[in-house]
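Engineer: Below is a structure I'd like to ask you about.
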Amino acid sequence: MTESRKTAPTSGSVEVIVAGLPRTGTTSMTRALEILLKGSVFDGGAASYTGTYQTQRKLLDLAQHCPTHTTEDRTFVLNTLATLTRDHIATSDQPGCYFVEELLELYPSAKVIVTTRDYDSWWASYSTLWRSIHQIYAWTWLDPFSQLRRFCVFSVKFWDRVPQAVGLEGHRPWWPMENHEGLYEAHAEYVKRVVPSEQLFYFNVKDGWRPLCDILGVDVPEQEPFPHIFPRAWLDKGTEATVARLKKRLVPLIAGVGLIVALASGIHMRSSASW
């Protein structure tokens, strides 16, 4: 008989900060922690895409204060992060992975787990993500007040601050992709600088339950496969479907413009005839 290990309690305080970059398995990690810790995980990446207007607005406001240069910045960031992570047992993905120091100030006993991935594999997937955002963003003018538009704006605005947050030199616009090179290594150094070594752990989602359960000190779930969510293949399919949906808005728009032109032409012709 194997020794029984503790069951993770549900509490109102963040116990785990997932500090890995987007496309390192953070979505899978979110689900895994929900299973193991039996609580809600604040996934900032998902919230920036599907969150309410108020949540998306808070995330965009966070972007304006990254990195925290002043006392005002830091106070704003701490208050906003506290609001976003309230009643959650863990936090995952961006923007939290760029506010690790601030999250630790809020939750000083939390374990920080960096999700890792082979660099070439990560870069291929991360590049695909940003190409998708680039492609979709160009069409969101057709749906200017949507969640999707706000997600794209947040992603672009946040990237404007990310290089400074992790110590990359120089101004780096979000496009082209070459401006993101060096992020993986710079982020790794940033995490090492701000996290005490005894609280810092590394985990690759390809390794499954055992190493993660060892970090958390909980039992491996029986008959529960490790979740693998949001694979790279979905990005291409999802992008094509999203752009196609946006382009459909062109049909009534073009029809409306055509109707206005036709009406204007008709009025002009009648006016000319009367003259």
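Computed from the coordinates by the stated procedures, all read-outs in this text should not be read as laboratory data. Keep in mind that what you see is a predicted model, and the values were worked out from it rather than measured. Ideal geometry is used to build each Cβ from the backbone, glycine not excepted, and the neighbour counts take in all protein chains shown.
Engineer: May I ask which residue of P227, T242, L59 lies farthest towards the positive end of the charge dipole of the chain, with charges of +1 (Lys, Arg) and -1 (Asp, Glu) on Cβ and the Cα centre as origin?
Structural biologist: Of P227, T242, L59, it is T242.
Engineer: With respect to the cross-link table entries K58/K192; K38/K157; K192/K237, which display a Cα-Cα separation exceeding 30 Å?
Structural biologist: Working: K58/K192 27 Å; K38/K157 33 Å; K192/K237 36 Å.
Distance filter (> 30 Å) returns K38/K157; K192/K237.
Engineer: In nm, what is the difference between 0.36 nm times the number of residues separating E185 and H228 and their Cα-Cα distance?
Structural biologist: 13.0 nm
Engineer: Hey, another quick one. 222 nm [θ] for the chain, helices only, -39500 (n - 2.57) per DSSP H run of 4+, per residue, to 500?
Structural biologist: Details: 12 runs with 150 residues, N = 275.
Only helices count here, giving -17000 deg cm²/dmol.
Engineer: Modelling each spin label as a point 7 Å along the Cα-to-Cβ direction, I'd like the I215/T83 distance in nm, to one decimal.
Structural biologist: The answer from the label model is 3.0 nm.
Engineer: Most exposed first by the Cβ proxy, i.e. fewest other Cβ within 10 Å, how do I113, I133, I35 rank? Before the final figure, lay out the partial values.
Structural biologist: Numbers: I113 23, I133 20, I35 14.
The order, fewest Cβ neighbours first, is I35, I133, I113.
Engineer: For V41, what charge total do you get from the other residues with a beta carbon under 9 Å from its beta carbon, if Lys and Arg give +1 and Asp and Glu give -1? Please list the in-between numbers first.
Structural biologist: Working: positive: R31; negative: E34, D43.
Computed value for this residue: -1.
Engineer: Nearest 20 debye, what's the magnitude of the dipole of the chain about its Cα centre given +1 on Lys and Arg Cβ and -1 on Asp and Glu Cβ? List each step's numbers first, then the result.
Structural biologist: On the way: 28 positive and 29 negative charges, 265 e Å.
The dipole magnitude comes to about 1280 debye.
Engineer: Something else about it: Give the order of R150, R249 when sorted by the count of other beta carbons within 10 angstrom, beginning with the fewest. Show your work: numbers first, answer last.
Structural biologist: Values: R150 21, R249 13.
So the residues, fewest neighbours to most, are R249, R150.
Engineer: When the label point is put 7 Å from the Cα of T242 along its Cα-to-beta-carbon vector, which residues of the stretch 109-133 have a backbone N closer than 19 Å?
Structural biologist: 123-133, by backbone N distance to the label point.
Engineer: How big is the chain in terms of Cα radius of gyration and Dmax, in angstroms?
Structural biologist: 22.8, 101
Engineer: Can I ask one more? Fewest to most neighbouring Cβ within 10 Å: what's the order for E34, E189?
Structural biologist: Working: E34 18, E189 11.
Taking fewest neighbouring Cβ atoms as first place, the list is E189, E34.
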